[in-house]
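J.: Can you keep this structure in mind? I'll have questions shortly.
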Amino acid sequence: MSVLFDTSILIDILRNDPVALDYARRVQDVPACSEVTRVEVVRGLRSSERASTEGLFRTIRWVPVDEPIARRAGELGRRWDRHRPGISLADLVVAATTEHVEAELATTNVRHFPMFEGLQPPYVSD
């Protein structure tokens with residue numbers, strides 16, 4: 001099964017977290033990311049990180065937010081806002097994208113994604 005990286009994974013890779021780097025090397029397929037993840041990473045980008053970030057971006061299969069993903073994100077928000085208010089729009093889009101491409105979500109922020117029962121982080125950093 002393919003893997004979709006959440007923002008938390010990309011940030012750990014960009015920070016050269018050895019555990020995250022080891023995990024990323026073990027991923028067999030080209031990882032996917034939602035374009036919303038690109039927005040989140042670029043938003044927090046420092047000028048000195050631009051080159052390494054662009055290099056990482058070139059190794060990822062980017063999934064645009066199209067109508068089916070947008071609709072599913074809205075449905076997830078409507079469903080989960082009753083039980084877990086405060087799930088961000090970005091996390092809803094990432095969840096919908098994960099479902100749309102039939103991938104496994106990789107995130108260290110599992111509490112942001114209650115819609116994936118039994119979700120575990122792919123690694124634990126020191």
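J.: Kirkwood hydrodynamic radius of region 3-112 from all distinct Cα pairs, in Å?
T.: For region 3-112, inverting the mean 1/r across all distinct Cα pairs yields 14.4 Å.
J.: Would you mind checking which residues have amide H under 5 Å from ALA32's amide H? H placed 1.01 Å from N; only 5 or more apart, or other chain.
T.: Amide H neighbours of ALA32, under 5 Å, 5+ apart: VAL3, LEU4, PHE5, ARG61.
J.: Order of 29-41, 10-22 by packing, highest average Cβ count within 10 Å first?
T.: Per-residue Cβ counts within 10 Å, averaged per peptide and sorted highest first, yield 29-41, 10-22.
J.: Now, a different point. Only Cα pairs under 8 Å and at least 6 apart count here; give the relative contact order of region 3-112 as a rounded whole percent.
T.: Reported relative contact order: 38 percent.
We did not get these values from a lab; they are worked out from the coordinates using the rules stated. Because the structure is predicted, anything quoted here is derived from the model rather than measured. For neighbour counting, all protein chains shown are included, and Cβ atoms are generated from backbone atoms with ideal geometry for every residue, glycine included.
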